[in-house]
Every structure is written in C-alpha cells, then in structure tokens.
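Just so it is clear, none of the values below were taken in a lab; they were calculated from the coordinates. Just so you know, these numbers come straight off a predicted model, no measurement behind them. Glycine gets a Cβ as well: all are built from the backbone with ideal geometry, and neighbour counts include every protein chain shown.
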Amino acid sequence: MNRQQIIEQIRKKGTFLCVGLDTDIKKIPEHLLTEEDPMFAFNKAIIDATAPYCVAYKPNTAFYESRGTEGWQTLERTVNYLRTNYPDHFIIADAKRGDIGNTSSLYARAFFENMGVDAITVAPYMGFDSVKPFMDYEGKWVILLALTSNPGSRDFQFLTDMTGTRLFEHVLETAQKWGTTENLMFVVGATQGAMFAEVRRVAPRSFLLVPGVGAQGGSLEEVAKWGMTPECGLLVNSSRGIIYASSGTDFADAAAAEARKLRDHMTILLSTYGVI
Ligand SMILES: O=C(O)c1cc(=O)[nH]c(=O)n1[C@@H]1O[C@H](COP(=O)(O)O)[C@@H](O)[C@H]1O
C-alpha cells in the first residue's frame, strides 16, 4: 500500500486508527479455548468487528512467537485473512528487528516476501546497513523507532550532543536521508504529548505510528494537536484498550464499540485540522 492509498483510506473512513493485535492466549475469552486455533478465532472476530473503524492492523509478533510454531502459524493465518478479506487495510508486523546487513535482509525476506505484510517496525541503533535491506522492497515500509512511549525512552532517546540535539532528533534527521516519505515512517509514542511539535520540526511530512493511547494513557487530542499534518500523517494504535474491552462472549461487540468511539473522535479531529 502506498502513501496516497493510506491517505485516501483515512479521508474516506474518517479514521486513522490502527488496531493492535496483541493477542495473549491468557487473556482471550474462555469460550474460545475449545477452538482449533483460539488465537486466530479471536483475531478473526476482532478484525471482522473493527474493520470499518480502522485503516490498519498491527500484530505484535512477540505474542505469537512466544507460542512457538503454533503461534507463528496463527500470525501467518491472521495476515492471510487480512490480505484476502480486507485488502485495503495496512498491515504492520510489529517485530522491532534490525541487525547487520545480511541478517536484516533475511528478516526483510521473512516479513515482506513470506508473510506479505506492508510494514515492519525496526530499531535504528545499528545504523544504515541494518535498516537499508528493509528499504530494498518496492511498496513496503520501514517504521523506525524514534521516540518511544515507555518510561525507558528517557534513558537514551533524550541524550543530547554538544549542539543540544537529542538522539531521537538525530534518528529522525539521519533516517530521512536513507528513505523517503513513501517508504519510511517513525514510531512516536502518544505519551510524549507536546514533543510531537519537536518531531514535526524535524520530520514535517513523515507518517508517524503512534502507540500509547488507551492502556498507556496517551492523549489522542494532544497527538492530533501537535502531530497532525494536512494529510493526517498519523496512524494511532490501540491494542489492549480495544481487544480486551470485554472478556465475555460479547468481546467482539465490545471491541467494535471501543474502536467506533475512537473513530468518532478521530473524525472530529480530522475535520478540526482540515484533513477532511
Ligand atoms: O512499536 C510499537 O508499536 C510500540 C512502540 C512504543 O514506543 N510503544 C509501544 O507501546 N509500542 C507497541 O504498541 C502496542 C501498544 O499496546 P497497548 O498499550 O496495549 O495499546 C504494543 O504492541 C507495543 O509493543
């Protein structure tokens, strides 16, 4: 999916929501445990219920990898289900990869050729040759960690050099020389609030993947105020806040209600800031 297609979907549906498929076997409703693949049954129901309210899905691979072969198959099944039934939704593998060049190129093959996702999250700290192999795939996206949502983001990402430039600003600035706004996005946590203004100073047009609303307490209002561009430029993720809205048999309806609530808020923000 290219940049223009993402923007078109956002405008058409009035939403920039990404639903996080952080599917934890210990948290899914009990009645699904008798299914042949309970995690897939859960994902399928969540996807069918939330698809009208979002433009993207982000399975976090840890939840699947922790289940061994079975989990990896569930992940592949989920991506295939999305590809076949919801071809207009953007699929992000949240895998946070990155290694020396020849290793990164195999990670890229695993996720882009074999699994067929649109994008993968990548850690920037090993530099150009660790990121570049992911950018060699036409039509695919790298989503580079810039300013993360967690408390530990303060440990390194805010360190300054002699000119006062912070590490996350270096990441934003340097990585834009490696890729373009057509194949490179950045992760900026919703919990970073007004820091979005600083991010936009360095990366005015880049799409940002924004996790941290919902369970981590980030404010959608603040993110839009400081981070939204005339083309939106945001994909805001919520995982637990949507998929675990209920642990009963009504889990899919409850997830749909949470996603709809976010969509309604997003439509207002898109209109307030002149995107639609
Ligand atoms: O790359 C990410 O998606 C990510 C980066 C970040 O800074 N913070 C962050 O929470 N995430 C991911 O976004 C999701 C957030 O989930 P919830 O807090 O349940 O909405 C998880 O899959 C995290 O791994």
Can you confirm whether the range 151-167 contains a residue that is within 16 Å of the ligand (Cβ to nearest atom) and β-branched (Val, Ile, Thr)? no
Among the helices (runs of 4 or more DSSP H) lying completely within the range 21-101, list those that include at least 3 residues that are within 13 Å of the ligand (Cβ to nearest atom). 62-65
Of the residues in the range 202-218 that are closer than 20 Å to residue 154 by Cα and out of contact with any Leu (no Cβ under 8 Å at 6 or more places or on another chain), the one that is surrounded by the fewest Cβ atoms within 10 Å (Cβ to Cβ) is 217
Give the residues of the range 191-249 that are in contact with a Lys or Arg (Cβ under 7 Å, 6 or more places away or on another chain), hydroxyl-bearing (Ser, Thr, Tyr) and within 12 Å of the ligand (Cβ to nearest atom), sorted by residue number. 244
Reported set for the range 133-150 where residues are more than 16 Å from the ligand (Cβ to nearest atom) and either in a loop (DSSP other than H, G, I, E, B) or crowded, with 21+ Cβ neighbours inside 10 Å (or both) is 133, 136, 137, 138, 139, 140
Selection from the range 219-243 of residues that are surrounded by 21 or more Cβ atoms within 10 Å (Cβ to Cβ) and either over 17 Å from the mean Cα position of the chain (by Cα) or not in a helix (DSSP H, G or I) (or both): 228, 232, 233, 234, 235, 236, 237, 238, 239
Against the condition more than 21 Å from residue 93 (Cβ to Cβ) and among the aliphatic types (A, V, I, L, M), how does residue 49 come out, does it pass? yes
